[in-house]
Each structure stands twice: as structure tokens, then as C-alpha cells.
Amino acid sequence: MRYVFASLACLAATRLVLAAEPAPDYFFQPKDRIVFLGDSITEQYQYSTYMELYLTTRFPKADYFFLNAGIGGDTAQGGANRFRSQVLAEKPNKVTINFGMNDGGYGKFNPQANKVFIERTRDMLRMAKEAGVKVALVSPNAVDPRNKSNGAEYVETQKLFYAPLAGAAKEFGVPFVDQYAITRAAQDLMAKDDPKAEKAKPYPDGFHTAGPGGMLMAHAILTGLGSPAVVSEATIDAAQAKSIGKDCEITDLKANETAVSFQRLDAAMPWPIQKDWLPMLPYTNQLKDLNWYGLKVAGLKEGNYAVKIDGEEVARFTASQLAEGVNLGNVTSGNVWKHGTALLQAIDAKNRVVHGRFRGVHLAQIPDWLADVASERKPVELEQRMKQITEAQAKVNELAKPKAHTFSVVSVN
């Protein structure tokens, strides 16, 4: 981590160059070309988009490139059959594989189906290894019995069906995220707190995601891969008018016992929490393990305080809460959040082009009498649309650069 120390004496100090970089052993590294492979849940572009959003905000200089190869109704059998033509042909160096929801058959445990599932998963891992492509293997999300008629039966089948994945991952030396176990634990708590799924409802039909389910899945996969929790943290001593910045630069500090203001330039941006994600926060550790955008202010007089970013109030805390340290990563207003949400919109726009290329070209149904023409046109069309995706991804990566903001903490007693 980079620490930056500041005080009133440093108002004219030269700005430091900040850089948020992934740890050397982290699965995702700068310049990665990443393909998300899976079934309809992957093709929904929710968990995958939210993973893109996290990686792009957390590592804004990494210049990641993302593609999605999800197909509704697909299985590990289908994934293995198209692994060379629709995954390796895109020249990724990282792939996430997330099959198993359809493979299990939505009923009782079927040993033969399970054997095929694991064999075909191993085939994909083998092809990736031979091509020098690193894989993160992921089990599917647990179905929600509250919203699926046979969910109580199938959620238990899933546990047995996905159990051999850990051994396959170990055999090929790839990371394995037991998303099933993580989401099952969360959903068991939801069933106690909200048995009719009136508030906490990640999957409207029991397994396909809405926004909250996409966030739940992204959180499970990202934490399972050891993604860093801390965005940055600003620590202020109001009595001494001093500050410490962890992965952020603090300048123009002014402080007394009832008010603090400063300029803050972060090395990264927090994951912009969408308002429909909020019901998932109690079941995702309040995102303390993934999205800690910290502010700590000691030396304030007792009372209540508003935290403002560029003049807009984003949250209220007591002096004791601020002295202990608060997380601004979960606010849903202010210019930092608006910047991140604009980035999400840009990613969504880019992914519409990705999906159009995949569905409209890769999966185009060509009649026999056009086969000769298609064999010539298809590679050209794939390349033309890839240029559009590359341009859109470049705009996303440029938009991800953090900006300086004015933070203030003022008494509201």
C-alpha cells in the first residue's frame, strides 16, 4: 500500500502519482484479456458486468479487456464443444468457467450426468492448460427454494453435483471458487429473515439473477479469488490538523473540533453500489471485505456530522463513529458514486456490442446455400465488431481514472 502524509504545511506540495496495482499472486493482472464462459446466468451480463465494474474501478490503470461467451441453456458439454472456437479463438489469457446449473437437471442427483459434467469440465481445463490460458473454475449459485417450486430438492442436489469440481481444479492447478457454498449460506440467512422473499430477492425465478443476485454472485466470486477489500482510507486528526492517506493523497486540509475539509485524490474508485443491491448488504458482510472506502476523523466535538463530497451530503455519522472509522463505499449519492455509475453505464453499452457480436455473428444460423459466402464474411465481421468493442473498452478504461474531490465533515447538531 502507498501511504501519503499531509498537514497544513503541505498545501502547496507537488501532487504524487498514485497507482493501484493488483498483488502479484492475484488472479487478475494488468493487461489481462478475460472471457466469462457459462450458461444463461453468464449471458445475463449481470455478475460478469459487476465483476468488470469492480476490476475496472479498483485497478484503473490495468487496462483490462473483457468478453462474455455465455449461452442460455448451455452445459459443460456445450462449453467443451465450443471452447476452441468461441473462447480460445478470442485469444484470452484468463477465463472464468461457470457451468453446472443446467447440467444437474433440476431434479434428483444423477451419477451419470455428474460424470459427464466433470469429464467435460476437465476437458475445458485441459484445453486451457495446453493453450497457456489460466482458468478460475466456479461452481454455480445455489438456487433459492423460496422462489423455485422444486428448489428445496435441487439445492441439495447441487451440493453433491458440484462437489467434484474442487478436485478437478486441484488436478489442473487452478483456483476454485465454491460459489454454491457462499451463496447457499447467504440464502439460508435470507430464508430466516425474509421467508417470503419480499425484500431480499436475488433470483426472481429462483436461479436467474436480478441486480441483487448479480451483485451477490460477483461478491462471492471476487472474494473467493482473494480480491482486495480496501479501496483507500483517509485518516484525519482534527485537533492536530494532520492526515494520513492510504492509497490516496490528501491536500488542502483545514480542521477544527467541529469541521474538517480537504481535497482527496484516490488511487482507485469504490465499487458504485446500485440502489437495488442494498437488500444484499446484510448477506455480503456489508461489503467490508470488498469495498472499504474509509474515512476516519478523530478529535471532533461530540455530536452528529454530515459528510459531504463536493458540497453534496452523502451520509451522517456521530463523532464517535467517525473516530472509529466509517465506510463510504456503500453510499448511493455524491460525485464519487456518480462517476462509478457512469462507468457502469459505459460498461453496459460496451457489452451490448459484445453480446451483439457473439449472438449475431458467432452464433448466427447460416443456411446451407449461404455457407460459402459466410465462410468468407464471418471472420471479417467478427474482426470489424471486435474493433468496435476495443474502442468501447478503451473509453471505459479512460473513464475509470479517479478524480480529486473536496470532502467535508460538518456539525449538524
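When the charge dipole of the chain is built from unit charges on Cβ atoms (+1 for Lys and Arg, -1 for Asp and Glu) and taken about the Cα centre, the candidate among F317, T341, V174 whose Cα reaches farthest toward its positive end is V174. Here the chain is treated with +1 on each Lys and Arg Cβ and -1 on each Asp and Glu Cβ, and its dipole about the Cα centre works out to around 360 debye. For K395, the aspartates and glutamates whose Cα falls under 18 Å of its own Cα, not counting residues fewer than eight places away in the same chain, are D32, E52, D63, D348.
Using a cut-off of 23 Å between Cα atoms, the listed pairs K129/K288; K254/K403; K91/K134 include K129/K288 as exceeding that distance. Note on the chain: dipole from Cβ charges, positive end direction compared against A404, G224, A371; the farthest Cα belongs to A371. Within a straight-line Cα-Cα reach of under 16 Å, K242 can be paired with the following aspartates and glutamates, leaving aside sequence neighbours fewer than 8 residues apart in one chain: E233, D252, E257. Which of the three applies to the stretch 33-224, rounded, prolate or oblate, going by the alpha-carbon gyration tensor with a ≥ b ≥ c and a/c under 1.5 meaning rounded? It comes out oblate by the Cα gyration axes. Sorting T75, T318 from the fewest to the most surrounding beta carbons within 10 angstrom yields T318, T75.
Which shape class, rounded, prolate or oblate, goes with the stretch 18-70 when its Cα gyration tensor gives a ≥ b ≥ c as root eigenvalues, a/c under 1.5 marks rounded, and past that a/b bigger than b/c marks prolate? Prolate, since a/c reaches 1.5 and a/b exceeds b/c.
Pairs of Cα atoms nearer than 8 Å and 6+ residues apart set the relative contact order; for the chain it is 18 percent.
Helical runs (DSSP H, four residues minimum) scored at -39500 (n - 2.57) apiece and divided by the length of the chain put the mean residue ellipticity at 222 nm at -11500 deg cm²/dmol.
Between the amide H of L253 and those of Q263, distances stay under 5 Å, these residues lying 5 or more places away or on another chain, with hydrogens modeled in the peptide plane.
Residues W337, W369 in ascending order of nearby Cβ atoms (within 10 Å, fewest first): W369, W337. Taking all Cα pairs closer than 8 Å and separated by 6 or more residues, the relative contact order of the stretch 255-382 comes to 24 percent.
The relative contact order of the stretch 33-224, computed from alpha carbon pairs under 8 Å that lie at least 6 residues apart in sequence, is 24 percent.
Does the stretch 332-413 come out rounded, prolate or oblate, given a ≥ b ≥ c as the square roots of the eigenvalues of its C-alpha gyration tensor, rounded meaning a/c under 1.5 and, failing that, prolate meaning a/b above b/c? Note, shape of the stretch 332-413 comes out prolate. For chymotrypsin sites (Phe, Trp or Tyr not before Pro), the sites in the stretch 13-121 that DSSP calls loop and that have at most 15 other Cβ atoms within 10 Å are Y26. One Cα centroid belongs to the stretch 302-330, the other to the stretch 186-257; the line between them spans 16 Å.
Translational diffusion of the stretch 276-380 was estimated from the Stokes-Einstein equation, with Rh taken as the Kirkwood radius over Cα pairs; at 10 °C and 1.306 mPa s the coefficient is 88 µm²/s. Charged side chains reduced to their Cβ positions (Lys and Arg at +1, Asp and Glu at -1) give the stretch 259-413 a dipole of some 200 debye around its Cα centre.
Rule-based calculations on the coordinates, nothing more; no lab input. Quick caveat: nothing in here was measured; it's all calculated off a predicted structure. Cβ sites come from the backbone with ideal geometry, for glycine too, and all protein chains shown count toward neighbours.
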